[in-house]
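Inspection log for the structure reproduced underneath, given as structure tokens.
The values are calculated or read from the model by the stated rules, or taken from the named source; none is laboratory data. Computed from a predicted structure; not experimentally measured. As a convention, Cβ positions derive from the backbone with ideal geometry for all residues, glycine included, and neighbour counts pool all protein chains shown.
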Amino acid sequence: MNSIPNFLNASTADPVTVIISILAGAVPAYVWLRYWLREDSVHPEPRGLLFLSFAGGMIAVILVLPLQRFLLNFSNDEHTLMIGWVAIEEIMKLLAVFFIAFRSSQVDEPVDFPLYCITTALGFAALENALFLIYPIGSSDTTVSLLTDSLRFLGATLLHAMSTSIIGFMLGLSFFQSIGVKFFAGLFGLALAITLHSTFNFFIMNAHGNEYIKIFGFLWVATIISLLLFEKVRRMSQRLYEEKESAVLPPVSTQHYV
């Protein structure tokens, strides 16, 4: 997505419109975040680190804007630009989650990697949603605003979470491997994230009529796969937690007293 026109709308909007847009844009992201956090309710993550990761995703949107504008100097082809913009977004989201969460000692089990990736991606989507809602809300077009918010709840918000989660899944699945394996797993996950994100955007750009239903169906299939992968890394984390617990507990004495 090209955030530049949306940012220009935001820069000229009145403060009330901006606040309403931010709140409306954050709702879809918050709903999805609550869902994913419930999936890790047994060993919940620190709220402070989750908040910072979410905020880091929002900040990443602002950092993406000049990079997307800079890319306009090298190509006028919409498909090339679309792939470039997607790559910038996924790389910036990865950098945000890396510097905020991955370097923390709190990230100590496989499921933490996709969870923080999803949290950061939803922060990114929240501000992106707000930028898209600036114009319809500012023009007092309630119907367009509701439709835009609904489509971004079903599409873009979920797309950001699913694409970036792939990186987290690759890192989570390689949790017990060497640093080198984790590095290449992360790069592979980044490539898959860019591919999924670009493919969805490409189909949206060329869709007509009922084709939108098929495209969103494709995204929901990706979501189901993500749920299965999340369950996989969650079980890996559970086994790791049980091993830590058994190592801490003192051995049971077998000595008999007469």
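Within the stretch 79-105, track down each residue that is loosely packed, with under 14 Cβ neighbours inside 10 Å and either closer than 28 Å to Met236 by Cα or among the acidic types (Asp, Glu) (or both). It would help to see each step written out before you state the result.
Residues of the stretch 79-105 that are loosely packed, with under 14 Cβ neighbours inside 10 Å, as a first pass: 79-80, 99, 103, 105.
Hits for the stretch 79-105 are Phe99, Arg103, Ser105.
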Residues being buried (at least 17 other Cβ atoms within 10 Å of the Cβ), at pLDDT 80 or above, within 30 Å of Arg69 (Cα to Cα) and not hydrophobic (A, V, I, L, M, F, W, C) - total across the stretch 7-55 | 2
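Given the criterion modelled with pLDDT under 90, surrounded by fewer than 19 Cβ atoms within 10 Å (Cβ to Cβ) and within 24 Å of Ile167 (Cα to Cα), identify the matching residue among Asn76, Asn2.
Values: Asn76 fails: within 24 Å of Ile167 (Cα to Cα).
Being modelled with pLDDT under 90, surrounded by fewer than 19 Cβ atoms within 10 Å (Cβ to Cβ) and within 24 Å of Ile167 (Cα to Cα) holds for just one of Asn76, Asn2, which is Asn2.
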May I ask you to list the residues in the stretch 217-229 that are surrounded by fewer than 16 Cβ atoms within 10 Å (Cβ to Cβ) and modelled with pLDDT under 85?
-> Gly217, Phe218, Trp220
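Here's the yes/no breakdown for (1) surrounded by 14 or more Cβ atoms within 10 Å (Cβ to Cβ); (2) of a type in the set (Gly, Ala, Ser); (3) modelled with pLDDT under 85; (4) assigned to a helix (DSSP H, G or I):
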{"site": "Ala191", "(1), (2), (3), (4)": "yes, yes, no, yes"}
{"site": "Ile194", "(1), (2), (3), (4)": "yes, no, no, yes"}
{"site": "Glu231", "(1), (2), (3), (4)": "no, no, no, yes"}
{"site": "Val252", "(1), (2), (3), (4)": "no, no, yes, no"}
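Just a yes or no: is a residue in the stretch 65-84 among the small types (Gly, Ala, Ser) and part of a loop (DSSP other than H, G, I, E, B)?
The initial filter retains those residues of the stretch 65-84 that are among the small types (Gly, Ala, Ser), namely 75, 84.
Of the ones still in play, those that are also part of a loop (DSSP other than H, G, I, E, B) are 75.
So far as the stretch 65-84 goes, yes, one or more of its residues are among the small types (Gly, Ala, Ser) and part of a loop (DSSP other than H, G, I, E, B).
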Quick one: what pairs do we get from the stretch 93-105, first residue at pLDDT below 95 and of a type in the set (Ser, Thr, Tyr), second assigned to a helix (DSSP H, G or I) and surrounded by 14 or more Cβ atoms within 10 Å (Cβ to Cβ), C-beta under 7 Å, 6+ apart or different chains?
-> Ser104/Leu49
Report yes if Ile213 is assigned to a helix (DSSP H, G or I) and either touching a residue at least 60 places away in the same chain (Cβ under 8 Å) or more than 22 Å from Ser41 (Cα to Cα) (or both), otherwise no.
-> yes
Note on Leu65: of the conditions (1) surrounded by fewer than 23 Cβ atoms within 10 Å (Cβ to Cβ); (2) more than 22 Å from Ile22 (Cα to Cα), unmet is (2)
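How many residues does the stretch 177-201 hold that are more than 19 Å from the chain's Cα centre (by Cα) and either under 16 Å from Ile225 (Cα atoms) or in contact (Cβ under 8 Å) with a residue 12 or more places away in the chain (or both)?
Narrowing the stretch 177-201 to residues more than 19 Å from the chain's Cα centre (by Cα): 177-184.
Still in the list and also either under 16 Å from Ile225 (Cα atoms) or in contact (Cβ under 8 Å) with a residue 12 or more places away in the chain (or both): none.
Within the stretch 177-201, residues that are more than 19 Å from the chain's Cα centre (by Cα) and either under 16 Å from Ile225 (Cα atoms) or in contact (Cβ under 8 Å) with a residue 12 or more places away in the chain (or both) number 0.
Looking at the stretch 100-107, can you tell me whether even one residue there is outside any helix (DSSP H, G or I) and among the small types (Gly, Ala, Ser)? Don't jump to the end; show me each part of the working.
Initially, the stretch 100-107 is screened for residues outside any helix (DSSP H, G or I), giving 103-107.
Narrowing further to those that are among the small types (Gly, Ala, Ser): 104-105.
Within the stretch 100-107, one or more residues are outside any helix (DSSP H, G or I) and among the small types (Gly, Ala, Ser).
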